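The next block holds one structure in the form of structure tokens; read it before the comments.
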Amino acid sequence: MTSAPALARRPDTPLADLAERMLLAAAPPPLVAHCHRTYAYAEAILHRRGLRPDREALFLGAALHDLALTPAWEHPSTPFEEHGAAVAHEALVRHGAPAELAGLVHDAIRLHLGLTTGDDHRPEVAGVHLGSAADVLGLRLDEIPDETLDLVLETHPPTGLAPFLRDAFTREARHKPHCTTAVLVRDFNLLDMLRHA
């Protein structure tokens, strides 16, 4: 197995540029950094497992997976992962993405909160879940080389993410009591996990 790069560079494609613009236009700096860490951690974990994802699809999913937690894209009744998946899918198709790619990114975003999504047979879908969980909750950090962790944290510092997510998840759970976030807050103590991650 070849060694993984210490810090995965994002794909240089028009769709990756689009996702980056959408992220920067809507998200505060802590969420932007989280999305970049999600991508880097996903790349590292998947590489460690011998998986080779479509890097463009993985980046698109990582960059846009929390888009609907932002004021620009928040929906009053649709769970953020479902609304964000629909927004991403529509934007990608409108900008010429093949249907298969847009569908893959849609699923990666829609399913990223699922407790079993890390086992999805599609590495791009599993990767967004794994990278996000590594960043937010510290799960599977032992699968990421220390050099990668250090460089990712230096390049994309985690300052301010936990308060942002606590507020966003609290709001999501309050207004959408049957959504996945509400279940994670109520039944799995997600807010406490964020405090101690």
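Just so you know, all these numbers are worked out from the coordinates, no wet-lab data involved. Quick caveat: nothing in here was measured; it's all calculated off a predicted structure. Quick reminder, even Gly has a Cβ in these numbers, built from the backbone with ideal geometry, and neighbours come from all protein chains shown.
General observations
- Global form of segment 138-197, assessed from the alpha-carbon gyration tensor, a/c cut-off 1.5: prolate
- Neighbour counting of Cβ atoms within 10 Å sorts the residues His178, His95, fewest neighbours leading, into His178, His95.
- Alpha-carbon spread of the chain, three principal axes, descending order, Å: 46, 40, 30
- Selected from Pro28, Pro76, Pro145 as most flexible by GNM, with the chain as the system and alpha-carbon contacts under 10 Å: Pro76
- Mean-position separation - Cα centroids, segment 151-172 and segment 82-126, in angstrom: 22 Å
- Estimated from helices alone, the mean residue ellipticity of the chain at 222 nm is -20000 deg cm²/dmol (sum of -39500 (n - 2.57) over DSSP H runs with n ≥ 4, per residue).
- Gaussian network model of the chain, Cα within-10 Å springs - most flexible of Arg37, Arg94, Arg55: Arg94
- Applying the Karplus relation 6.51 cos²θ - 1.76 cosθ + 1.60 with θ = phi - 60° to segment 149-165 yields 3J(HN,Hα) values of 4, 4, 5, 5, 5, 6, 7, 10, x, x, 4, x, 5, 4, x, 4, 5 Hz, where x marks Gly and Pro.
- Whole-Hz Karplus values for segment 28-36 come out as x, x, x, 6, 4, 4, 4, 5, 5 Hz, taken residue by residue from phi with 6.51 cos²θ - 1.76 cosθ + 1.60 and θ = phi - 60°; glycine and proline positions read x.
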